[in-house]
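**Student:** The following block contains the structure, expressed as structure tokens.
The values are calculated or read from the model by the stated rules, or taken from the named source; none is laboratory data. These numbers were taken from a predicted model, which means no experiment stands behind them. Cβ coordinates were reconstructed from backbone atoms using ideal geometry, including for glycine residues, and neighbour counts include every protein chain displayed.
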Amino acid sequence: MNDQLERLNRLPLRENLRGLQPYGAPQLDVPVLLNVNENTHGLPQEVRSAIASRVEQAVGGLNRYPDREFTELREALATYLGHGLEAENIWAANGSNEVLQQILQAFGGPGRRLLSFPPTYSMYPLLASGTDTEYVPVRRGADFNLGAEQAAKAVRDTGANIVVLCSPNNPTGTALGLDVVEAVYEAGEAKGAIVIVDEAYAEFAHTGTPSALTLLPGRERLIISRTMSKAFALAGARVGYLAAAPQIADALRLVRLPYHLSAVTQATALAALEHAEALLANVEDIKAQRDRIVTELTAMGLQPAASDSNFVFFGGLKDPHGVWQGLLEAGVLIRDVGIPGHLRVTAGTEAETTAFLDGLRKLL
Ligand SMILES: *Cc1c(COP(=O)(O)O)cnc(C)c1O
């Protein structure tokens, strides 16, 4: 046992946290960072200026607590999402990770179960253990797809209280059909299960891919989670949000910390939303690089999964860890998600994507 673990074990830690590893994607100083699906395009100058000026205004009032209800931000997010949503349908927090944590604080906890379908986002089990919620993983088949019947059966068999569907799924990149969401919601009826669709990458989906936002009317236990970390290039600002029935936001008001969204955060998000058009123009560029990666990996004889996100999950590698290491030595950091034969890469700028493809070609 190493020293760090031994020191930790002396503490009266909660039993269900013993032996766990914290979230730890490497943060290395490498020229080309394509490992955590950040938006690789910096903020356009007009957006930087708009944020700086909004933040400067907010600074004048920093002696006071911020608007606890962040009403202006909820209005702007509702307008951005459309689908007839209003401020009362929106909730936000410091990243969608905090939104998910608040959902588990309100609806999970001891004696309750969170179901998801790995390989999927690695934070779901950690958010479950942090809130003392039991995590029940039901693994996808060899092709990593998830069908409506299979998912609904898992909901019934596990008696889950909360189900998270990640669409487009991280790390595989593929969006789910809405039939899966409908079937899971229906299967959860008996238990009154909360169904979360994590749409962190929705803006990168191929044109015509429907959002689960269209399913909200009449489904009060359905929650669509979104983030400004990816398409809006604001990972550093920490803003995530959800759309749901107004009573879901009321439930989260019971567990949020007072004034959890700082005035600086609210100002930053508002300025970015006012310039959504300029930011989403970069999304088109990233989608083009994503499609280029899929085409070129296929030409190299690898097997990239269909991607509706800003990253590509690819198989057909004999020694994924060796390839990961070789790329790192060439100054390109991608992600080893621990799935045999596979790696994941974020679509970068044109130059970054070229560095990745050239590096990979040399290693194969
Ligand atoms: C990146 C990501 C998020 C975003 O998390 P934030 O806390 O909003 O930065 C959420 N869900 C998935 C599946 C992700 O990959």
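**Student:** State all residues of region 346-364 that are touching a helix residue (DSSP H, G or I) at 6+ places or on another chain (Cβ under 6 Å) and outside any helix (DSSP H, G or I); if no residue qualifies, say none.
**Tutor:** A347
**Student:** Say we look at region 1-47 and pick out the residues that are under 27 Å from V345 (Cα atoms), of a type in the set (S, T, N, Q) and in contact (Cβ under 8 Å) with a residue 40 or more places away in the chain; which of these is surrounded by the fewest Cβ atoms within 10 Å (Cβ to Cβ)?
**Tutor:** T40
**Student:** If you check N89 against the conditions, is it under 23 Å from V184 (Cβ atoms), among the polar types (S, T, N, Q) and buried (at least 21 other Cβ atoms within 10 Å of the Cβ)?
**Tutor:** It is true that N89 is under 23 Å from V184 (Cβ atoms), among the polar types (S, T, N, Q) and buried (at least 21 other Cβ atoms within 10 Å of the Cβ).
**Student:** Hey, another quick one. Is it the case that E199 is in contact with a Phe, Trp or Tyr (Cβ under 9 Å, 6 or more places away or on another chain), modelled with pLDDT of 95 or more and of a type in the set (D, E)?
**Tutor:** no
**Student:** Evaluate the following for E56: is it surrounded by 12 or more Cβ atoms within 10 Å (Cβ to Cβ) and either without any contact (Cβ under 8 Å) to a residue 24 or more places away in the chain or basic (K, R) (or both)?
**Tutor:** No.
**Student:** Name the one entry in D179, D132 that is over 30 Å from L254 (Cβ atoms) and among the charged types (D, E, K, R).
**Tutor:** Just one listed residue meets the conditions, D179.
**Student:** Determine, yes or no, whether A231 is free of Cβ contacts under 8 Å to residues at least 40 places away in the same chain, of a type outside the set (K, R), surrounded by 18 or more Cβ atoms within 10 Å (Cβ to Cβ) and not assigned by TED's automatic domain parsing to the domain that holds V283.
**Tutor:** No.
**Student:** Which members of region 106-141 meet the condition of being in contact with a Gly (Cβ under 7 Å, 6 or more places away or on another chain) and among the charged types (D, E, K, R)?
**Tutor:** R113, D132
**Student:** If we scan region 217-225, do we find a residue that is touching a residue at least 60 places away in the same chain (Cβ under 8 Å) and within 10 Å of the ligand (Cβ to nearest atom)?
**Tutor:** Yes, because at least one residue in region 217-225 is touching a residue at least 60 places away in the same chain (Cβ under 8 Å) and within 10 Å of the ligand (Cβ to nearest atom).
**Student:** State yes or no: is L242 within 30 Å of G192 (Cβ to Cβ) and in contact with a helix residue (DSSP H, G or I) (Cβ under 8 Å, 6 or more places away or on another chain)?
**Tutor:** The answer is yes for L242.
**Student:** Cβ-Cβ under 6 Å, sequence separation 6+ or interchain: first residue in region 103-117 and in the same structural domain as L222 (by TED's automatic domain parsing), partner of a type in the set (D, E, K, R) and in a strand (DSSP E or B). Which pairs?
**Tutor:** Final answer for the pair search is R113/E134.
Per-residue answers, yes or no, for (1) over 30 Å from A193 (Cβ atoms); (2) part of a helix (DSSP H, G or I):
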residue	(1), (2)
L213	no, yes
I224	no, no
V255	no, no
A271	yes, yes
L279	yes, yes
